[in-house]
Amino acid sequence: MKFFIDTANLDQIREAKDLGVLDGVTTNPSLMAKEGITGKENIINHYKAICEIVKGDVSAEVIATDFEGMITEGQELARIDPHIVVKIPMIKDGVKALKFLSSKNIKTNCTLVFSAGQAILAAKAGATYVSPFIGRIDDVNWDGIDLIEQIVHIYGVYQYDTQVLAASIRNPMHIVRSAEVGADVATCPLSSILGLLKHPLTDIGLEKFLADHQKGNA
Ligand code: G3P
């Protein structure tokens, strides 16, 4: 399973990259705004900065919601760097835009996916990635992992090329469960990636190894 980091924060992207396990980055308009990145030129420069750090797929979301706007913006974003993946919302014009951009060999990530039906449409339209939001599904008392499992199953039956990108991950167990049910990618906050490291027996075991080493070498 590939690991993407879900942030526009350059320090966090560098930290995840330095860990040696980072395959890509996803952003969205909320994450860009959180970093104070506003205005077309600043947004473009920020995507360039991210692409300088990570040599993997970097999702950049369109703001337009009409077909013409999305394909114009999508093509502009794709020109920033060969690693840019154009993020398109799961709406009617979005499906058309996915189809258009994939026919131009531009990589796409269909976002705001909350059902298997939406995931089928994204795959039919040729999306490179589909992003089911598992945390937001859990927030409304449904099961986000069940949806990942359902989509992985359907894509397997029909051998769709679209990769299942588990998004809206909130904790390390979301990553583990996504891996268990066969997600191709998990996009995670840095805290969830680092959370995978944690086990008290590791800390206790290391402390004992080092103490025994000290005793043996005293
Ligand atoms: O980038 C899309 C997704 O990961 C958003 O996550 O935590 O805002 O639901 P969240």
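The values are calculated or read from the model by the stated rules, or taken from the named source; none is laboratory data. Quantities reported herein were computed from a predicted structural model and do not represent experimental measurements. Positions of Cβ are generated from backbone atoms using ideal geometry, with glycine treated the same way; all protein chains shown enter the neighbour counts. For the accessible areas, the whole protein counts, side chains as well, though only heavy atoms, and no ligand, DNA or RNA atoms are used. Shrake-Rupley method; radii C 1.70, N 1.55, O 1.52, S 1.80 Å.
Some notes on this structure:
This table checks each residue for (1) aromatic (Phe, Trp, Tyr); (2) away from the ligand (no atom under 15 Å from the Cβ); (3) open to solvent by less than 70 Å² (accessible area, probe 1.4 Å).
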residue: Ile175; (1), (2), (3): no, no, yes
residue: Val181; (1), (2), (3): no, yes, yes
residue: Ile193; (1), (2), (3): no, no, yes
residue: Ile204; (1), (2), (3): no, yes, no
residue: Leu210; (1), (2), (3): no, yes, no
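- Checked against the criterion of being under 16 Å from Asn28 (Cα atoms), away from the ligand (no atom under 14 Å from the Cβ) and either open to solvent by 40 Å² or more (accessible area, probe 1.4 Å) or not acidic (Asp, Glu) (or both), the candidates Leu77, Leu121, Leu98 yield just one match: Leu77.
- Search result, residues across the range 6-32 that are more than 10 Å from the ligand (Cβ to nearest atom), open to solvent by less than 60 Å² (accessible area, probe 1.4 Å) and assigned to a helix (DSSP H, G or I): Leu10, Ile13, Ala16, Met32
- Residues satisfying the criterion are present in the range 50-60 (criterion: among the polar types (S, T, N, Q), within 19 Å of the chain's Cα centre (by Cα) and not in a helix (DSSP H, G or I)).
- Residue match in the range 157-164 (condition: at positive phi, in contact with a Ser or Thr (Cβ under 9 Å, 6 or more places away or on another chain) and away from the ligand (no atom under 16 Å from the Cβ)): no
- Some residue of the range 146-156 being more than 15 Å from the ligand (Cβ to nearest atom), in contact with a strand residue (DSSP E or B) (Cβ under 6 Å, 6 or more places away or on another chain) and not in a helix (DSSP H, G or I): no
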